[in-house]
Amino acid sequence: MMADALAFAMPALEVNGPEDPVLDWDAIDWRACENQVRRLRQRIFKATRDEDWKKVRNLQKLMLRSLSSTLVSVRQVTQRNAGRKTAGVDGQVALTSRDRAGLAERLHRHAQPWKARPVRRVFIPKPGTKKQRPLGIPVIADRVQQCRVKNALEPEWEARFEPRSYGFRPGRSCHDAIEAIFKTLCGNRSQRRWILDADLAGAFDSIAHEPLLAMIGAFPARGDDPRVAEGGSDRVGPVHADRGGHATRRRDQPVPAERGPARDGMRGRGPLPQQRPQRR
């Protein structure tokens, strides 16, 4: 009798409450989602300029939990990016509407701290030379998580970055740098008539991540695996892959930073948070 009662009650316990609606990827209002993300980014930017740090952290938490941010991030990674058809070490891609909707639902509902997967290393030609440089390819889920974190972290630092830097900044390009150089050099009263062209050899292969993570401070996603921002490597030190793309790493070197262009957002104005060196 008791067994029959439990067998009758268990299905009711499993379906207690309304079921979540199935996400229809092709029916999403993308303009509304992008506007929601844009407004949140602007609010984070303004709160940073006002130095209201409690509001900044609360808004960043709201951005990290936003369904619109998750959907926009999945769309950016799986539909718009040039590497959408390139898989990571897990061999997975999301090229159909069903796969993209499933990926968005899985990442948005994930409540535990995120554990990044190792990156897949391949060699690509270096422009202008015969050399090749290694390229780290994270798995598709890590790329979406990086985009979600970028939406929350980028507006804060755009309000604090140097106003005359143009590399890998949202809404900026080499044309802005050319315009700034022209306005500085034109005219008879210009006193700064020199230009320094320098290239840091292997800068992103030997950069130390500990100071960068310390500058993030109390960012809400600090509890997640910091390798989400470091390219998903599970080892210490920069990756030196062989010609087959298998990653190897030296233990006595710091972790390399993955970089990627960020073209959406706002232009930031304001001083660096660190003391700038005195000009001699």
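Annotations for the structure displayed:
- Scanning segment 88-110 for residues that are of a type in the set (S, T, N, Q) and more than 15 Å from Ala27 (Cα to Cα) gives a single hit, Gln92.
- From the list Ala203, Ala141, Ala198, the one residue that fits, being open to solvent by less than 40 Å² (accessible area, probe 1.4 Å) and either touching a Cys at 6+ places or on another chain (Cβ under 9 Å) or at pLDDT below 90 (or both), is Ala203.
- Count of residues meeting criterion [at pLDDT 85 or above and part of a helix (DSSP H, G or I)] in segment 217-229: 1
- Which numbered condition Thr96 fails, given (1) open to solvent by 70 Å² or more (accessible area, probe 1.4 Å); (2) free of Cβ contacts under 8 Å to residues at least 24 places away in the same chain: (1)
- If you check Thr129, Thr96, Thr78, Thr70 for being among the polar types (S, T, N, Q) and closer than 20 Å to Leu153 by Cβ, only one passes: Thr70.
- Residue list for segment 166-205, restricted to those being outside any loop (DSSP other than H, G, I, E, B) and either among the acidic types (Asp, Glu) or under 30 Å from Gln132 (Cα atoms) (or both): Cys174, His175, Asp176, Ala177, Ile178, Glu179, Ala203, Phe204, Asp205
- Taking the criterion of being among the hydrophobic types (A, V, I, L, M, F, W, C), free of Cβ contacts under 8 Å to residues at least 60 places away in the same chain and in a helix (DSSP H, G or I), the residues of segment 60-93 that qualify are Leu62, Leu67, Leu71.
- The single residue among Gln112, Gln92, Gln36 that is modelled with pLDDT of 95 or more and within 24 Å of Asp142 (Cα to Cα) turns out to be Gln36.
- The residue pairs whose first member lies in segment 187-209 and is farther than 27 Å from Pro127 by Cβ, whose second member is among the hydroxyl-bearing types (Ser, Thr, Tyr) and open to solvent by less than 100 Å² (accessible area, probe 1.4 Å), and whose beta carbons are closer than 8 Å, counting only pairs six or more residues apart or on different chains, are Ser190/Thr184; Arg192/Thr184.
- Subset of segment 170-185 (residues that are open to solvent by less than 60 Å² (accessible area, probe 1.4 Å) and within 27 Å of Lys150 (Cα to Cα)): Pro170, Gly171, Arg172, Ser173, Asp176, Ala177, Ala180
The values are calculated or read from the model by the stated rules, or taken from the named source; none is laboratory data. Remember, predicted model here, so these are calculated numbers, not experimental data. Virtual Cβ from ideal backbone geometry, glycine too; neighbours counted across all protein chains shown. For accessibility, only protein heavy atoms count, side chains too; no ligands or nucleic acids. Shrake-Rupley method; radii C 1.70, N 1.55, O 1.52, S 1.80 Å.
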